[in-house]
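Reading through the structure tokens given below for one structure.
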Amino acid sequence: MSTIDEDAHLRAAGRPDPAAFLEGRDLLERDLLGLWQGRHDNLLDRISEYALVPAGKLLRPLLVLESARCVGGRPEDLARPALALEYLHVATLVHDDIIDEDDMRRGRPSVQAAFGLASAIVAGDGLLLETFAALTGPLPGDVPADAVVALVNVTAEAGLSVCRGQLMETELVGDLECGVDRYLTMAGLKTGALFEASCRAGAILGDAPQEWVEALGVFGSRLGVAFQIRDDLLAFDGTSALIGKPQESDLHNHRPTLPILLGYQRASADERKRLARAFHEDQPADRSYAVVSEVLEATGAREAAGEVAAGLIRQAKDRLTALPACESVVTLAGIADYAARRRF
């Protein structure tokens, strides 16, 4: 446990405003619409806009802006490079839906369902390239060339980590005994890396000393893994209407998420057999989902997974104490709290 008085540090920065990051999201959405408005003269741009708009939570670009702000940067000039992290994120979602054969995303047809498999593959590739076009396009004059190089490197490394995490996830398919540690490693690559890159990118754009870049990077990494765990839990806490995709998706694809792994670890011999049968056998999705939900409820696995996420959030917020107390530190802490309790 850290001996740092985190709450005192956050109080010194001011009273947390739970709406602060929502205001930033609205500004980013406005900028996103402005950048893509009128780009309809070819199929690639039309599909890309469909994937991007209406926007999701925009957490990654928001993390870029708030990380820049809390180290003294000017976020109002950084919408374009911040949104580059959203392009990379959405590209991975497009490809993820292809791999999972999911026809719904954000409550409407996924890109592949709306435009076809081949077009979705190309559009995902296009968004990957949009990422680097945005990072190397016009930037404020006070951003030095070496910062741009560092920014591109951080983003490219994060993209590679996402790919490694995606392939590691395929290695875990069907394996209820892979263990929590392997799952957390996978989640750190697949989800944590892009959150980490967003925070590092903001710190780099704000010309932060390396100590602050590292602190924000660890904050983002821990936050990202916690966010992934909450995503796992939404399949059992919410409904398809809330999460925007089928709640049985991970189960249908025999993907061991954290609550399922913890349920398997905690289950009795009979419960393990029931869980394994529902997880491995091809049967109606609603029947498998009901069995797995019952076992998770009986073993307390959902609560246990929530505790793991809460612990990661505490670790993330602890790293914010390395930064100067300011309003943006409070906003970052608020984003972390939102990730720990989100319902959509």
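The values are calculated or read from the model by the stated rules, or taken from the named source; none is laboratory data. Remember, predicted model here, so these are calculated numbers, not experimental data. Counting neighbours? That spans all protein chains shown, and the Cβs are built from the backbone with ideal geometry, glycine included.
Only one residue in L323, L296, L332, L312 is surrounded by 14 or more Cβ atoms within 10 Å (Cβ to Cβ), within 20 Å of G24 (Cα to Cα) and in contact with a helix residue (DSSP H, G or I) (Cβ under 7 Å, 6 or more places away or on another chain), so which one is that?
Sole residue among the options that is surrounded by 14 or more Cβ atoms within 10 Å (Cβ to Cβ), within 20 Å of G24 (Cα to Cα) and in contact with a helix residue (DSSP H, G or I) (Cβ under 7 Å, 6 or more places away or on another chain): L332.
What are the pairs, 6+ residues apart or on separate chains, where a residue within region 14-36 that is of a type in the set (A, V, I, L, M) has its Cβ under 9 Å from a residue that is at pLDDT 55 or above and in a loop (DSSP other than H, G, I, E, B)?
L28/A55; L28/L58; L32/V53; L32/A55; L32/L58; L33/V53; L33/A55
Take the conditions surrounded by 19 or more Cβ atoms within 10 Å (Cβ to Cβ), part of a helix (DSSP H, G or I) and in contact (Cβ under 8 Å) with a residue 60 or more places away in the chain and apply them to A158. Does it pass? Please lay out each step first, then the result.
Numbers: surrounded by 19 or more Cβ atoms within 10 Å (Cβ to Cβ): yes; part of a helix (DSSP H, G or I): yes; in contact (Cβ under 8 Å) with a residue 60 or more places away in the chain: yes.
Here the answer is yes, as A158 does meet what is asked.
Of all residues in region 99-121, how many are more than 27 Å from E171 (Cβ to Cβ) and either among the basic types (K, R) or touching a residue at least 24 places away in the same chain (Cβ under 8 Å) (or both)?
Number of matching residues: 6.
Any residue that is charged (D, E, K, R), within 22 Å of A339 (Cβ to Cβ) and at pLDDT 95 or above - is there at least one of those in region 75-95?
Yes, there is a match, as at least one residue in region 75-95 is charged (D, E, K, R), within 22 Å of A339 (Cβ to Cβ) and at pLDDT 95 or above.
Find the residue count for region 235-257, including only residues that are out of contact with any Cys (no Cβ under 7 Å at 6 or more places or on another chain), of a type outside the set (S, T, N, Q) and modelled with pLDDT of 90 or more. Show your work before the answer.
Narrowing region 235-257 to residues out of contact with any Cys (no Cβ under 7 Å at 6 or more places or on another chain): 235-255, 257.
Restricting the remaining residues to those that are of a type outside the set (S, T, N, Q) gives 235-238, 241-246, 248, 250-252, 254-255.
Filter once more, so that each one left must be modelled with pLDDT of 90 or more: 255.
So the count comes out to 1.
If I filter region 127-146 for residues that are among the hydroxyl-bearing types (S, T, Y), out of contact with any helix residue (DSSP H, G or I) (no Cβ under 7 Å at 6 or more places or on another chain) and part of a helix (DSSP H, G or I), do I get at least one hit?
Scanning region 127-146, I find no residue that is among the hydroxyl-bearing types (S, T, Y), out of contact with any helix residue (DSSP H, G or I) (no Cβ under 7 Å at 6 or more places or on another chain) and part of a helix (DSSP H, G or I), so the answer is no.
For L223, are the conditions met, namely being crowded, with 17+ Cβ neighbours inside 10 Å, outside any loop (DSSP other than H, G, I, E, B) and either on the phi > 0 side of the Ramachandran plot or not basic (K, R) (or both)?
Criteria met by L223.
Does S293 satisfy the condition of being within 28 Å of E196 (Cα to Cα), modelled with pLDDT under 95 and of a type in the set (S, T, Y)? I'd like the intermediate steps shown before the answer.
Numbers: within 28 Å of E196 (Cα to Cα): no; modelled with pLDDT under 95: yes; of a type in the set (S, T, Y): yes.
No: the conditions fail for S293.
Would region 181-200 turn up any residue that is surrounded by 21 or more Cβ atoms within 10 Å (Cβ to Cβ), among the polar types (S, T, N, Q) and closer than 27 Å to A301 by Cβ?
Yes: one or more hits.
Within region 63-110, how many residues are touching a Phe, Trp or Tyr at 6+ places or on another chain (Cβ under 8 Å) and either farther than 20 Å from G159 by Cα or outside any helix (DSSP H, G or I) (or both)?
The first filter runs over region 63-110 and keeps only residues touching a Phe, Trp or Tyr at 6+ places or on another chain (Cβ under 8 Å), leaving 63, 66, 71, 84.
Next, only the ones that are either farther than 20 Å from G159 by Cα or outside any helix (DSSP H, G or I) (or both) stay: 66, 71.
Of the residues in that region, 2 qualify.
Every residue in region 305-344 that is polar (S, T, N, Q) and modelled with pLDDT of 95 or more, please. I'd like the intermediate steps shown before the answer.
Pass one, region 305-344, residues polar (S, T, N, Q): 315, 321, 328, 331.
Correct list: Q315, T321.
Report yes if A235 is part of a helix (DSSP H, G or I) and closer than 30 Å to A156 by Cβ, otherwise no.
No, not satisfied.
Is it true that some residue in region 135-143 is touching a residue at least 40 places away in the same chain (Cβ under 8 Å) and under 23 Å from T191 (Cα atoms)?
Yes, because at least one residue in region 135-143 is touching a residue at least 40 places away in the same chain (Cβ under 8 Å) and under 23 Å from T191 (Cα atoms).
Considering only residues that are crowded, with 24+ Cβ neighbours inside 10 Å and hydrophobic (A, V, I, L, M, F, W, C), which ones fall in region 201-214?
Applying the first criterion (crowded, with 24+ Cβ neighbours inside 10 Å) to region 201-214 yields 201-206.
The answer is A201, A203, I204, L205.
If you take the residues in region 56-74 that are of a type in the set (D, E, K, R) and closer than 26 Å to V94 by Cα, which one is modelled with the lowest pLDDT?
Among them, the one singled out is K57.
With (1) modelled with pLDDT under 95; (2) under 16 Å from T92 (Cβ atoms) as the list, and D207 as the residue in question, which single condition is left unmet?
(2)
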